[in-house]
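The values are calculated or read from the model by the stated rules, or taken from the named source; none is laboratory data. Please read these numbers as outputs of a predicted model, since none were measured by experiment. Quick reminder, even Gly has a Cβ in these numbers, built from the backbone with ideal geometry, and neighbours come from all protein chains shown. Accessible surface areas use protein heavy atoms only, side chains included; no ligands, DNA or RNA. Shrake-Rupley method; radii C 1.70, N 1.55, O 1.52, S 1.80 Å.
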Amino acid sequence: GGDRRTADKLRASQKLPHRERPINNQDIGELNLVFLGTASAQATTSRAQQSVALRVQNETWLFDCGGQTQMQMLRAGIAPLSVTRIFISHMHGDHVFGLPAVIAMCANSSMQQVSASADVRRWEKVPLQLVGPVGLRAWLRTVLANSYVGLGRLRLQVHELHGLEALQQPKHVPAVLSGVPPLHGEVLAPPLWPEEDGAWSVPHPTA
């Protein structure tokens, strides 16, 4: 059944030299899931647009960044300097409109903190990773550049996922911008394609 297929996948992944072995639960420690927004396309006075924060050890991973994500992070006590990865499920506005504001908040925090901060030193060496569908990189470059957002000490790396079945439908094909120059402080990243089991492997961020 499903357990056997899962075990077969794990064994197969262990045989692939370019793919990391699954993380042992003992290595992860406690996981803390914070729902920052659950209001879908229409925000309300009590619910913000889509965003979920996963706290892993001393890091925070964000899943989608709808409007109000920045304010919700502040209310939840999530430090901008703790954010290391942001995953975008798709490019609908209620899942991405808060992303530029979150990046700007992270960049401002990197400039305001003292140079001795361990989180700032990490950001100067290892970029903040963004993972999402094709079109995310060009959209971010356009929005951030035309709104005069400086990255400060923050370094940014965008991985785009290719081979998404949902985007093969004509009505879901994104209008990808071309010729948009990289941001100052952006670390270029290769496209990510699904592997034999249909999953994408996100590499550890590198300088």
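Of all residues assigned to segment 117-128, at least one qualifies as being of a type in the set (A, V, I, L, M, F, W, C), under 30 Å from ALA43 (Cβ atoms) and at pLDDT 80 or above.
Per the listing GLN70, GLN50, GLN42, GLN57, the residue uniquely touching a His at 6+ places or on another chain (Cβ under 6 Å) and over 18 Å from VAL134 (Cα atoms) is GLN50. Screening ALA107 on (1) crowded, with 20+ Cβ neighbours inside 10 Å; (2) under 21 Å from VAL202 (Cα atoms); (3) at pLDDT below 95; (4) of a type in the set (A, V, I, L, M, F, W, C) shows it passes everything except condition (2). Every condition in (1) over 25 Å from ASN146 (Cβ atoms); (2) modelled with pLDDT of 80 or more; (3) of a type outside the set (Ser, Thr, Tyr); (4) surrounded by fewer than 20 Cβ atoms within 10 Å (Cβ to Cβ) is met by LEU36 except one, and the failing one is (4). Taking the stated definitions as given, is GLU160 at pLDDT below 85 and either open to solvent by less than 30 Å² (accessible area, probe 1.4 Å) or assigned to a helix (DSSP H, G or I) (or both)? No: the conditions fail for GLU160.
For beta carbons closer than 9 Å, sequence separation of 6+ or different chains, a first residue in segment 170-193 that is closer than 24 Å to ARG153 by Cβ and a second that is part of a loop (DSSP other than H, G, I, E, B) and modelled with pLDDT under 60, the qualifying pairs are VAL187/ALA207.
Among the residues of segment 66-102, those identified as under 12 Å from the mean Cα position of the chain (by Cα) and within 10 Å of GLN49 (Cα to Cα) are HIS95, VAL96. Looking only at segment 140-156, how many residues end up being open to solvent by 10 Å² or more (accessible area, probe 1.4 Å) and in a strand (DSSP E or B)? Total satisfying the criteria: 0. Right, ALA101: over 25 Å from LEU192 (Cβ atoms) and either modelled with pLDDT of 95 or more or among the aliphatic types (A, V, I, L, M) (or both) or not? Here the answer is yes, as ALA101 does meet what is asked. Flag not set for VAL173, criterion: modelled with pLDDT of 75 or more and either under 21 Å from PRO191 (Cβ atoms) or of a type in the set (Gly, Ala, Ser) (or both). Only one of the listed residues (LEU62, LEU81) is part of a helix (DSSP H, G or I) and either touching a residue at least 24 places away in the same chain (Cβ under 8 Å) or crowded, with 18+ Cβ neighbours inside 10 Å (or both). That residue is LEU81.
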